[in-house]
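The values are calculated or read from the model by the stated rules, or taken from the named source; none is laboratory data. Nothing here was measured: the structure is a model prediction, and the numbers come from that model. Reconstructed Cβ throughout: ideal geometry from the backbone, glycine too, with neighbour counts over all protein chains shown.
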Amino acid sequence: MINQFAHVSIHSNDLEETGRFYLGALGLEKGFEFIKDGALFGYYIKLGNNTFIEVFKGDPGEVGNINHIAIQTDDIDEVIERVRKHGYEIGEKSLGADHSWQVWTADPNGVRIEFHQYTEQSLQLTGGVCQVDW
C-alpha cells in the first residue's frame with residue numbers, strides 16, 4: 001500500500017533564496033510552480049523517483065516548521081563539497097548508529113537536512129534493531 005516518500009512541505013520567507021539553496025547548491029531540479037494572484041507562491045523540487053520537496057511562501061510563524069528531512073545520496077562527499085562551494089555550512093560526515101553515513105546542514109529557513117549514504121550494513125537495507133545512546 002505505501003510505496004515511497006512522496007514529499008515534505010516547507011514554508012519559506014524567501015522563495016528565491018530557498019531555490020538558490022536547493023536548486024543551486026544541491027543541484028536539484030524544479031518540478032513545477034504554484035502561482036497565486038499572478039505571482040510565484042511555491043514550487044515542487046524533484047528528488048527522483050517521484051519524490052519531492054514542496055515549498056510555499058509562508059508567514060513568519062510558519063517558516064521552518066518541520067524537524068528535518070532526510071535525503072538519500074550515493075556520494076555524500078560530493079554533497080558536502082557542493083554545499084560548501086555554494087557558501088553554505090554543512091557538518092562533517094559520520095557513521096550513524098544505523099550504519100549509514102550521514103551529514104547535517106540547514107536550508108535558509110532553518111529546516112534541518114540530513115543526508116544519508118547507505119552502506120552494505122545500513123539498517124535501512126538489512127533491517128534489524130538500531131541501538132542508540134542519545
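Among the criteria (1) farther than 13 Å from residue 10 by Cβ; (2) surrounded by 14 or more Cβ atoms within 10 Å (Cβ to Cβ); (3) out of contact with any helix residue (DSSP H, G or I) (no Cβ under 9 Å at 6 or more places or on another chain), the one residue 52 does not fulfil is (1).
The residues of region 1-17 that are among the small types (Gly, Ala, Ser) and surrounded by 14 or more Cβ atoms within 10 Å (Cβ to Cβ), listed by number, are 9, 12.
Taken over region 100-118, the criterion of being of a type outside the set (Lys, Arg) and either closer than 24 Å to residue 16 by Cα or assigned to a helix (DSSP H, G or I) (or both) is satisfied by 104, 105, 106, 107, 108, 109, 110, 111, 113, 114, 115. Taken over region 103-134, the criterion of being of a type outside the set (Gly, Ala, Ser) and touching a Lys or Arg at 6+ places or on another chain (Cβ under 7 Å) is satisfied by 103, 104. Among the residues of region 70-99, the ones that are closer than 12 Å to residue 116 by Cα, in a strand (DSSP E or B) and of a type in the set (Val, Ile, Thr) come to 1 in all.
This table checks each residue for (1) under 14 Å from the mean Cα position of the chain (by Cα); (2) at pLDDT 90 or above.
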site: 7; (1), (2): yes, no
site: 13; (1), (2): no, no
site: 20; (1), (2): yes, yes
site: 27; (1), (2): yes, yes
site: 31; (1), (2): no, yes
site: 34; (1), (2): no, no
site: 39; (1), (2): no, no
site: 43; (1), (2): no, yes
site: 46; (1), (2): yes, yes
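Annotation: of all residues in region 93-116 being modelled with pLDDT of 90 or more and aliphatic (A, V, I, L, M), the one that is surrounded by the fewest Cβ atoms within 10 Å (Cβ to Cβ) is 95. What are the pairs, 6+ residues apart or on separate chains, where a residue within region 22-34 that is within 19 Å of residue 105 (Cα to Cα) and aromatic (Phe, Trp, Tyr) has its Cβ under 8 Å from a residue that is at pLDDT below 95 and part of a strand (DSSP E or B)? Listed pairs, sorted by first residue: 22/45; 22/53; 22/55. Apart from one condition, residue 46 fits all of (1) basic (Lys, Arg); (2) in contact with a Lys or Arg (Cβ under 9 Å, 6 or more places away or on another chain); (3) in a helix (DSSP H, G or I); the exception is (3).
Filtering region 18-41 to residues that are surrounded by 13 or more Cβ atoms within 10 Å (Cβ to Cβ), assigned to a strand (DSSP E or B) and out of contact with any Lys or Arg (no Cβ under 6 Å at 6 or more places or on another chain) leaves 30, 34, 40.
Taking the criterion of being in a helix (DSSP H, G or I) and either loosely packed, with under 12 Cβ neighbours inside 10 Å or of a type in the set (Ser, Thr, Tyr) (or both), would at least one residue in region 58-65 satisfy it? Spell out the reasoning first.
Narrowing region 58-65 to residues in a helix (DSSP H, G or I): 60-62.
From what is left, the residues that are either loosely packed, with under 12 Cβ neighbours inside 10 Å or of a type in the set (Ser, Thr, Tyr) (or both) are 60-61.
The answer is yes; a qualifying residue exists.
What about residue 90, is it modelled with pLDDT of 90 or more and touching a His at 6+ places or on another chain (Cβ under 9 Å)? Answer is no for this residue.
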